[in-house]
Structure formats: C-alpha cells, structure tokens
1. Give the peptides 57-63, 19-25, 7-13 in descending order of average Cβ contacts within 10 Å, highest first.
2. I'd like the FRET efficiency for ARG46 and GLU21, computed as 1/(1 + (r/R0)^6) with the beta carbon distance as r and R0 of 35 Å, rounded to 0.05.
3. Compute the semi-axes of the equivalent ellipsoid of the stretch 21-76, taking the square root of 5 times each eigenvalue of the Cα gyration tensor, and list them largest first in whole Å.
4. Calculate, for ARG14 and ARG69, the FRET efficiency according to 1/(1 + (r/R0)^6) with r their C-beta to C-beta distance and R0 25 Å; round to the nearest 0.05.
Amino acid sequence: MGERRACTVLLFARSSNGYRERKDRQEVLRLRIRDIASTRVRYGYRRIYVLLRREGWKVNHKRVHRLYRLEGTEPPDTGQEEEDTDIAEARCTEGNESERELVHGFCLRRAV
C-alpha cells in the first residue's frame, strides 16, 4: 500500500509523516558564547562577536546578539547611573538652594 493511501485510511496528514526533526546547528556556537561570557563577564555581545570572528567563526552580529539574549548572559550593572545622579545632586545643592532645582539630572536655576 502506498503512503498516500495509508495516510488517507488512517486520517493522518502526509506532511506530518515526512517530518524529520533537525538538531540545533547553533549548539556549538551557543556553548562558545556561553563560555566566553562566563570567563569574560564584562563583555557584551558586540565584543564577543569580535572574539568569535578572530577565532574564525563565520557568524554575523545579529546571530550573536540573538544567541546571547537566548543564553541570558547579561553583563552586570555597574551602578554608574546612580553615581552620576548622586554627583549631580551634590553639585545642585551647592550654593543657594532656593534658586536651584534638580530635574532629570540637570541642575536648573529657578526664577525667584
């Protein structure tokens, strides 16, 4: 009995019969990205992309970014923004406070 008739009798889609699951071709690259990200914690996807290209990988930045996000390896936050805000607040409080106001990290003079 042919495939067409067998699938019709069993009410089975022929497209499902021919499906072959493919293995993940990116698995080796994902492991390498994870390895680089774990040893060089401060590196983002752009620097990892450059390292991979130097190692001889034929990969573009979009693929590296996608796999980097899928791995969930984000560099730690430095807290630089909070530090910058604290410095701005300190500068703004110098002098006459009634004339100065801190708005979005900028020190503005108020008309008195």
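Any read-out appearing in this document is the output of simple, stated calculations on the displayed coordinates, not a laboratory observation. All values derive from a computational prediction rather than experimental measurement. Positions of Cβ are backbone-derived with ideal geometry, glycine not excepted, and every protein chain shown enters the neighbour counts.
1. On the way: 57-63: 12.9, 19-25: 6.1, 7-13: 10.4.
Result, highest mean first: 57-63, 7-13, 19-25.
2. Numbers: r = 33 Å, r/R0 = 0.94.
Calculated transfer efficiency: 0.60.
3. Numbers: eigenvalues 62, 35, 19 Å².
Equivalent ellipsoid of the stretch 21-76: 18, 13, 10 Å, largest first.
4. On the way: r = 37 Å, r/R0 = 1.47.
FRET efficiency, ARG14 to ARG69: 0.10.
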